[in-house]
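> Before we start, here is the structure in question, set down as structure tokens.
FYI, it's all coordinate maths here, none of it is from the lab. As the structure is a prediction and not an experimental result, all values here were calculated from the model. Every residue, glycine as well, gets a Cβ built from its backbone with ideal geometry; the counts of neighbours run over all protein chains shown.
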Amino acid sequence: MDIKRVLLAFLVSSHLLSAQGFSVVLLNEEGVPLSEPIVAKLDSYVWMSSEDGILFIPDSTVSISLHSLTYRDTTIVVFHGDSVMMKLDETALKEVDVFAHEEVKSIRHRRCRGEYQREPGDIRLLGYNADSVVFLDSLKLRIVEVLRSSARFRVVIYNADTSRVFASSLFQIDPDLADEDCVLPIQFNRALMGEFYLGVQFFEEGRDPYNWNSHLYQSKRGGLYTVFNNGVTIGSIRLKSGERIMTAEYFEGGRVKWWKGSGSDRRHRAPYFVVYYHGPGDLHTKFDD
């Protein structure tokens, strides 16, 4: 078990780190260790699980609250054991017909023109409209500069009402990439149709997206750059009339602030994406206002 990575994730005082304890493995509903960060809280202390799903438990702990961007928040009463199963916090999709794999198509809003940064936990999604059934293959980003090798992304899909459809595992970005494209496999094998929002969530290894110190808090923020970015600068575009964006930012205690807008409101800056997909339908980037 990779205990060192767990200890690096601690955001606790030195006396807690030095205490005796044990560890458990956090599992999904299929019994697979979770690769995404799970935030553990004990009184005023906050720490995270490792990418192997291992969570350190301080000795003499009675209960710990667990928080996630994908799984249900829960409180566990701690006994000496070896695993904890987490439950997904999402509405199951209805069964759909599966089509044979067809020629891969792609869509982008326009050429990459600018730069963009965000902080750990932030989500940036662009709106897409499928006129019939489509299956998503991958999402391409423009990597302008990798500031730190600890940068991570995951691909996310949301409905128009901000309910989550899918979140991928975490992807590490090659530190040598500069002014190059990076393709992230979406890993979602179900059909989509109609309006949905697709994009990325920003992470950085060792930084808790729920913790105050991981973010640059200021009122009316929204610029292209942040000193507390997740460690990578990506390409950006400006939305045009009819195009839509949906964003979420994570604050202390897991509070979420959602914002939805369109190019009709203002020429809002957004990440540059190219979406690869297949199926009988076609994707569109504009909506009837």
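> Mind listing the long-range amide H neighbours of Asp122? Cut-off is under 5 Å, sequence gap 5 or more, other chains count too, H placed in the peptide plane at 1.01 Å from N.
Hits under the 5 Å cutoff: Phe202, Tyr250.
> Sort the following peptides by mean Cβ neighbour count (other Cβ atoms within 10 Å, averaged over residues), highest first: 46-58, 173-185.
The peptides rank, most packed first, as 46-58, 173-185.
> Still on this structure, please answer the following. Testing the spin-label approximation: label points 7 Å from Cα along Cα→Cβ at Glu29 and Ser169. State their distance in nm.
Spacing of the two 7 Å Cα→Cβ label points: 2.0 nm.
> Quick one: which of 158-168, 135-145, 116-126 comes out on top by average Cβ neighbours within 10 Å, and what's the full order, highest first?
Descending packing order for the listed peptides: 116-126, 135-145, 158-168.
> Further, regarding this structure: So between Val274 and Asp131, what do we pick up on full extension, going 0.36 nm a residue minus the alpha carbon distance?
49.7 nm
> Once the Cβ-Cβ distance between Arg72 and Ile107 is put in as r, and R0 is 30 Å, what FRET efficiency do you end up with, to the nearest 0.05?
0.35
> Hey, can you rank 197-206, 225-234 by average C-beta count inside 10 Å, highest first?
197-206, 225-234
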